[in-house]
1. Quote the charge dipole size of the chain about the Cα centre in Debye, to the nearest 20; the model charges only the Cβ of Lys and Arg (+1) and of Asp and Glu (-1).
2. Name the residue farthest towards the positive end of the dipole of the chain from the options Ser295, Ser220, Leu46, assuming +1 on Cβ of Lys and Arg, -1 on Cβ of Asp and Glu, about the Cα centre.
3. Which one of Leu23, Ile379, Thr366 is farthest out on the positive end of the charge dipole of the chain, using unit charges on Cβ (Lys, Arg +1; Asp, Glu -1) and the Cα centre as origin?
4. If you filter the stretch 287-356 for trypsin sites (Lys or Arg not before Pro), then keep DSSP loop positions with at most 15 other Cβ within 10 Å, what is left?
5. Do any of Lys131/Lys258; Lys107/Lys314; Lys200/Lys250; Lys150/Lys207; Lys314/Lys397 go past 24 Å between their Cα atoms, and which?
6. Tell me the per residue accessible area of the chain using a 1.4 Å probe; a whole number in Å² is fine.
7. DSSP loop trypsin sites (Lys or Arg not before Pro) in the stretch 1-99 with at most 10 other Cβ atoms within 10 Å of their Cβ, which ones?
8. Hey, any idea what % of the chain's accessible area is carbon plus sulfur with a 1.4 Å probe?
Amino acid sequence: MGNTEIYAICYGLLFTVIIGAALYFRIFLNKNKRNFEYLDFFLITLALFNGLGFAFVFWGTENGLNSVIWTNRIEWYDAISVSIYFAANILLLTAVVCGWTIAGRIKRQAVPVSYSINEIRELKKLYFMLKVGAWLLLAVAFISYVLYAKAYGGFGGLLYYAKVIRSGILLVNNPFSFLQRFGGFAFFASFIFYALLIDKNLKGKRKDCTAGFIISFCLSVFVLYSWDGRVAFMVYLLVFLLSPILYRNKSVIRLARKLAIVLVFGLILIVVCDRLLNRSPVGISVTSLFVRELSFPSAAFITWLGKDSFRWFKDILIAPMYLLPSRIWRYMLGLDTASMLLTYDFWGANKGEAGVTGSVPVDLLTFSYMQAHIAGVVIVGLLVGAALYSLQQLQSKIPLESVRAVVSSDIILNLVILTVPYGEPYHILTRSFYLIGGLILLFIICVRFRAKYIE
């Protein structure tokens, strides 16, 4: 094993230990702490990807478990670049914690809203409106997907072309291609139905919720299969495992144990989804699969390290434009994304051109470095910390504990955790499109009840 690999493994393990110590003092020595906050989940993910994951990738690459594509980039690292990677992660960690702390000082901490049994009995209309909202989201998702799939010959044709659609090389003129992400509203519908099914205060028969959940779950699985995404599949299924854990949680120690089980189950789901979707070469070992899947953040960072051109926060300033159809922001306005630029630099061509069938995702550290060098790491870190705190306060305003637990589970998995490996605004907004729409509808429904019970 070379010196660079030893440095990388040592630095990765040291970074993990530093975060582990910080979490121990922050969580387990606080007697009043019952739950993990979004910052805690973020720090755990940062340790897993940029600490243990970084060391694991170098170990796997050294032992021939990585692909040639990633190996060629990982070999660019030397002792100096490994040290820079470690220092940049420490800086990002510090900036995120500072951003969270500053936001907490500026904004008063919200107390989670909940109702007694007597108050719940007076809120039957709220339950009814939530059901109507869930059915409405389900209808929008189904109609949108019918229109979207029409250009491919219907649902069957959509599944047939799923892989080439994902690769970006399918030359089919689909005027309703922008409706693809509307299929995700089925996810949020199933979350609402599921929340009502596990709600301990909702009395009476729940046949309508059961029917709604089954239908929305089946449509969600179809949509996810058509997206051909393993991570999206894993996140969706884990929401149903994490939600009751958060809903019934009474102890931070028990929660930590259960979260470890969720982590193991998530790793198993990645392997299962990979096999079902045939995303990896036949016969690849599980260890090699994870080495390859964890390599892109390290490869992305070293690819951009040393460049003297930066994005100057363009990606953050134009972020709302990414919610529009790509034919508007990309082809009419000529905008791009950080991942498009990195993919071109990595492959020498854009996704869907010259045989390039995949893009190189931009992790949070690389994205922040691409903005303005070290200053970008600091500024983006502060913004992320403040955003995490704002999300924590936002979910506290959801008036029903069951709905709050399910929505919070999706936010944790889809926004907090995935932002570490997929950290550019384009990816965040694209994968969270359904969550944004669902939250808007949810708060419209709950606003009159929150106005009555929340000061």
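The values are calculated or read from the model by the stated rules, or taken from the named source; none is laboratory data. Keep in mind it's a predicted model, so treat the numbers as computed, not measured. Here the Cβ positions follow ideal geometry from the backbone for every residue, glycine too, while neighbour counts run over all protein chains shown. For the accessible areas, the whole protein counts, side chains as well, though only heavy atoms, and no ligand, DNA or RNA atoms are used. Shrake-Rupley method; radii C 1.70, N 1.55, O 1.52, S 1.80 Å.
1. Numbers: 42 positive and 23 negative charges, 444 e Å.
Using Cβ point charges on Lys, Arg, Asp and Glu, the chain gives about 2140 debye.
2. It is Ser220.
3. My answer, from the dipole projection, is Leu23.
4. Numbers: sites: Arg292, Lys307, Arg311, Lys314, Arg327, Arg330, Lys351; in loops: Lys307, Arg311, Lys351.
Sparse-neighbourhood loop trypsin sites (Lys or Arg not before Pro): Lys307.
5. The answer is Lys131/Lys258; Lys107/Lys314; Lys150/Lys207; Lys314/Lys397.
6. On the way: 20880 Å² over 455 residues.
In whole numbers, the chain has 46 Å² accessible per residue.
7. Details: sites: Arg26, Lys31, Lys33, Arg34, Arg73; in loops: Lys31, Lys33, Arg34.
Answer in residue order: Lys31.
8. Details: 13620 of 20880 Å².
So the carbon and sulfur contribution to the accessible surface is 65 percent.
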